[in-house]
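Asker: The structure under discussion is supplied below as structure tokens; questions concerning it will follow.
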Amino acid sequence: MLSKTIESALNNQIKIEAESSQIYLAMACWAEVKGLEGVANFMYAQSDEEREHMLKLVKFVNERGGHAKISQLKEPNATFNSFKEMFQKLLEHEIFVSESINELVHISLNEKDYATHNFLQWYVAEQIEEEAVARTILDKINLIGDDKGGLYLFDRDIENLTVTT
Ligand code: OFO
């Protein structure tokens with residue numbers, strides 16, 4: 001059985017994962033209208049993954065005697081000045097999510113909820129992976145600079161940078 005504190009902390013994370021999915025969906029749309037198909041597909045996949053992260057939490061809360069809360073979401077940013085800016089925002093967002101997961105781990109230990117603590121380890125590992133992918137992408141974009149040919153190749157290759165869930 002989840003304590004009220006844990007239930008509300010997990011529900012807050014459900015909202016964060018749902019918002020992540022929306023943020024990445026908006027990024028996918030922007031990349032698609034800008035003609036970068038590879039980047040768009042990559043971001044659509046990221047958006048789907050965030051929804052999976054959300055669902056995993058929803059099911060955990062409901063199975064442990066809580067009630068998952070489905071909240072109203074913030075409208076995400078729809079346009080960016082550049083792909084570099086877009087991926088910088090992605091990295092910043094993932095760092096924010098990691099901090100939120102760390103806080104949850106901290107709360108679960110305070111509450112002596114070892115089942116939730118164990119469940120959260122998957123998210124801890126996932127965040128390491130997602131931050132690493134975002135940093136790799138930014139390194140590549142920094143190398144490309146303003147080179148259009150480089151951006152074309154990057155768009156073709158980004159789909160190989162898959163994130164494992
Ligand atoms: Fe990438 O945020 Fe979910 O966990």
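Just so you know, all these numbers are worked out from the coordinates, no wet-lab data involved. Since the model is a prediction, treat every value here as computed from it, not as a measurement. Note: ideal-geometry Cβ built from the backbone for every residue, glycine included; neighbour counts use all protein chains shown.
Asker: Put a dot 7 Å past each Cα toward the Cβ at Ile128 and Asn142; how far apart are the dots in nm?
Answerer: Once both label points are built, they end up 2.2 nm from each other.
Asker: Please list 9-18, 53-62, 76-85 highest first by mean number of surrounding beta-carbon atoms within 10 Å per residue.
Answerer: Answer by packing, highest mean first, reads 9-18, 53-62, 76-85.
Asker: Ordered by packing density, taken as the mean number of other Cβ atoms within 10 Å over each peptide's residues, highest first, how do 147-153, 2-8 rank?
Answerer: Ranking, from highest mean packing down: 2-8, 147-153.
Asker: Is it possible to state the helix-based mean residue ellipticity at 222 nm for the chain, with each DSSP H run of 4+ residues giving -39500 (n - 2.57), the sum divided by total residues, to the nearest 500 deg cm²/dmol? What is it?
Answerer: Mean residue ellipticity, 222 nm, calculated: -27000 deg cm²/dmol.
Asker: For a label point 7 angstrom out from the Cα of Met1 toward its Cβ, which stretches of region 44-69 have the backbone nitrogen within less than 14 Å?
Answerer: 64-67
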